[in-house]
Each structure stands twice: as C-alpha cells, then as structure tokens.
1. What does the accessible area per residue of region 221-372 come to in Å², with a 1.4 Å probe and no ligands, DNA or RNA counted?
2. So how tilted is helix 112-123 from the main axis of the chain? Cα-based, degrees 0 to 90, rounded to 10.
3. For a label point 7 angstrom out from the Cα of ASN215 toward its Cβ, which stretches of region 229-248 have the backbone nitrogen within less than 20 Å?
4. First check a/c for region 12-56, with a ≥ b ≥ c the square roots of the eigenvalues of its C-alpha gyration tensor; if it is under 1.5, answer rounded, and if not, answer prolate when a/b is larger than b/c or oblate otherwise.
5. Please sort 302-309, 328-335 by packing, taking for each peptide the average over its residues of neighbouring beta carbons within 10 angstrom, highest first.
6. To the nearest 20 debye, what charge dipole does the chain have about its Cα centre, counting +1 at the Cβ of each Lys and Arg and -1 at the Cβ of each Asp and Glu?
7. Once the mean 1/r over all distinct Cα pairs of region 59-111 is inverted, what Kirkwood radius in angstroms do you read off?
8. Starting with the highest mean, order 19-29, 229-239 by the number of other Cβ atoms within 10 Å, averaged over the residues of each peptide.
Amino acid sequence: MKKYDYLIVGSGLFGATFANLAKSAGKDVIVIEKRNHIGGNAYTEEIEGINVHKYGAHIFHTDYKDVWEYVNRFAEFNRYTNSPLARINNEIYNMPFNMNTFNKIWNDVITPSDAINKIEAEKNEMNGKQPSNLEEQAISLVGRTIYEKLIKGYTEKQWNKDCRKLPAFIIKRLPVRFTYDNNYFNDKYQGIPIGGYTKLVSKMLEGIEVQLEKNFLENKEYYKGLAKKIIYTGPLDEYFNYSLGKLEYRSLKFDTKIFEQENYQGNAVINFTGKEVDYTRVIEHKHFEFGTQEKTVVTFEYPCNCEEGMEKYYPINDDNNNSLADKYREMSLEEKNVIFGGRLAEYKYYDMDDVIKKAIDLYKKMEFDENE
Ligand code: FAD
Ligand code: UDP
C-alpha cells in the first residue's frame, strides 16, 4: 500500500499551508476533510455574485511579513480596512475605541488629552489594582461608561459568562487609540483576497490529493497507517475521545438573508453591543469587496452554547479549560508521528495569520530536523 509522507487532517488554513509547503518540497501529501468543502472556517461561497463568509466574517490582517508575502502568492488582496460600527439601540459609535468613539460618548472630549483625562478619572475606581478579569481590564483601558455601552452587553452575549469570569486578554484584542482612526487592526498588512478565501485555499492545494467528507476519527487506525506523519487540525479533546473531559467551546448560529436592495446597512460589520437584540454582529458581505450588485446578502450572527454536533468556533480560554487543555497537550506528546496544529488542535484563540505562521514554522522545523 502506498505510504504518504504526510496525511493532513483538515483543509483549513493550517492544513492547507502545511500541505502546500510539503508538496512544494516534493513530499507525498494527502489532505482529508470531514466537511464537503475546503477552507475550514475561512470558507466563502458565492451567492448573488457576492462572496459570502459562511462561518463568520474573515478579514485578513497581519504584522508578519513572511505570512503576507506567502498569502499573496495565491491571491491578490484588496485594500479593505475593517472599520466596524457599534450600535446600541439607535446610537452608532465608531470602533475600535478611538477619538471618534470618545468624542461621541463624551461631547466635551475633543483632544487626545481630554480623552486621556476622562478615562483616567473613570479608572480611579480601580484604585491602582492590576486587572484580573475582562471587566477590570476593560475599565482600565476605556473607563466604565464605554465598558457598559460598548463592551459588557456584547461580551456577555458572545461568551454567555459574566465579564468578571472572563480572561482579560480577550478585550486586549481590540486597539485603544488616541487618534481619529477607525481601523480595527494595528497590523501593517490588511485586506480581503479578491475572489474569496475558497479560491485562495484551492490555489494553495493545487496538485494535492484532497478527499472531502472523510472523518479521520471515524477510521483513525486506518488513516494512521496511510502516512509516515499525521498533521491533525481538528479539536484537541475530540482526538482523545474526551477521555479527560470536554473542553468548552462557544458556537454561533448564522441567519443569512438576501435583500432586494443594493445597500442594507452601509458598512460590512455592525456590532450590536446591547441586550435589545440577541445577535452580536450583522455582516453585509458585499462591502468587503466594494460590491455593486443589485441585491445584498446579510448575515445575523447569534452566539450560542456548543451543543453536541455543533461547530466549535471559539475556545473558551479560561483557567479551567486551559489546564484541561494542558493535560491533553501532554497526552498529545505521546502520540507518535502525530502533530497537533491550528486553532482547534491547539485550543488557542488564533487568527488566520497566526495559524499560517505556525504552519510555516512547523514545516521549517520538521524539514530542519529531517536534515539533521
Ligand atoms: P479550521 O479553519 O477550523 O480548519 C480545520 C478543518 O479541519 C475544518 O475544515 C474541519 O472540518 C476539519 N476537521 C476537523 N476535524 C476533522 C476530522 N476528524 N477529520 C477530518 N477533518 C476534520 N481570523 C482572522 O484572521 N480574521 C478574522 O476576521 C476572523 N474572523 C473569524 C470569525 C469567526 C466567527 C471565527 C469562528 C473565526 C475567525 N477567525 C478570524 C479565525 C480563523 O477562522 C482561524 O484562525 C482559522 O480559520 C483557523 O484555521 P485552522 O486551519 O486552524 O482551523
Ligand atoms: N468586543 C466588545 N464589543 C465589540 C466588539 C468586541 O466588547 O463591539 C469584545 C468581545 O468581548 C469580543 C472581544 O472584544 O469577544 C474580541 O472581539 P473580536 O472582534 O476580536 O472578536 P472575534 O472577531 O474573534 O469574534
């Protein structure tokens, strides 16, 4: 029986990057994917001539020059800059937290020093304490007024936990800036691949054998026998049949609608930060590519518990889950010739550029070890 050098479980960006690099170096590679399409959660599908982000809006942004150069080998990126709005009832605020936000929240705040003074005054309630949870971190960054209007409701819908029970790092994903700049990211490079992510991933997988609707875990021993090494990008706990217990994930339900109008909300992303609606984000996909189609496709994003059989979108990286994940990681070191990588298999809140970076570095390390 033919033995591949690598069997890659999952055709998301981690698996596709690793497969692409290995194939380019002349290795024998096969990718298996349990869904009926490639691309993992970055998958896009064309509806009404618009690339719809089927598993939630994906904006590519990175500070890693090598990752940016790498993805640009497979697609041209447009100049889209993410500038979401936050809506609470009928009020609209600019995100991330910047001078536009501060000026609208406090109409006597005009200059950066006005904003700094206002936030410093609100921060006094912290009494110099180091933040130990998301609520304290948010108040330390932007004060209580903004925390209550733009963070608390959104976060509690998103995670279904009290902000005092959530790790501080989650809110530090968002920039706080004292300039009038609505760019959601600080990274040097940003854009959307023209033609969609599925096209990008299919270019990465060009010339590689890909088998869809194949679940590695349903036939683990057989698949392990097919290759010298396995790269596994599925959920960490699922690999071990939950033998130490289940890691918690947060899931999402997407309600996608086609509207017979050209422009529904005037922006690609609007965050709903209050409890007056159950959804957190409304995405109008055409605006990622400056679309001018007659109709528009809009997705309402509802966070929910991750019940049996649902997609595991977000790891919940609190202390309990992280320590359980550490135990699984120890077990994974015992798995001969299986390497765990990507957002699900590492149980880390990674962005797309993080997983591509990790896959590039992993491939380089394996190549180096092989040549030693
Ligand atoms: P995945 O994309 O999850 O791919 C894993 C693949 O493995 C899947 O296709 C899965 O079906 C397959 N698989 C799993 N188990 C098995 C098995 N047993 N057998 C066979 N196949 C299996 N990142 C950004 O940079 N910018 C964004 O704007 C952004 N927005 C996001 C919005 C949402 C709602 C979500 C959930 C994530 C977002 N991300 C964003 C993060 C991004 O989706 C991930 O970083 C990236 O897609 C992870 O790639 P991956 O290959 O590790 O995992
Ligand atoms: N967040 C918020 N208000 C917003 C947007 C984000 O409070 O309008 C918080 C929320 O806790 C969220 C976190 O910031 O989980 C990270 O937001 P990000 O946009 O990075 O989330 P993702 O795109 O990964 O879902």
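1. Working: 7500 Å² over 152 residues.
Here the residues of region 221-372 average 49 Å² of exposed surface.
2. Helix 112-123 sits at roughly 80 degrees to that axis.
3. It comes to 231-248, nothing else.
4. On the way: a/c = 2.97, a/b = 2.43, b/c = 1.22.
Prolate, since a/c reaches 1.5 and a/b exceeds b/c.
5. So the order, starting with the most tightly packed, is 328-335, 302-309.
6. Using Cβ point charges on Lys, Arg, Asp and Glu, the chain gives about 280 debye.
7. Over region 59-111, the inverse of the mean reciprocal pair distance is 13.9 Å.
8. Numbers: 19-29: 19.0, 229-239: 22.5.
Per-residue Cβ counts within 10 Å, averaged per peptide and sorted highest first, yield 229-239, 19-29.
The values are calculated or read from the model by the stated rules, or taken from the named source; none is laboratory data. This one's a predicted model, so the numbers in the text were calculated from it and none came from an experiment. Note that each Cβ is placed from the backbone with ideal geometry, even for glycine, and that neighbours are counted across all protein chains shown. For accessibility, only protein heavy atoms count, side chains too; no ligands or nucleic acids. Shrake-Rupley method; radii C 1.70, N 1.55, O 1.52, S 1.80 Å.
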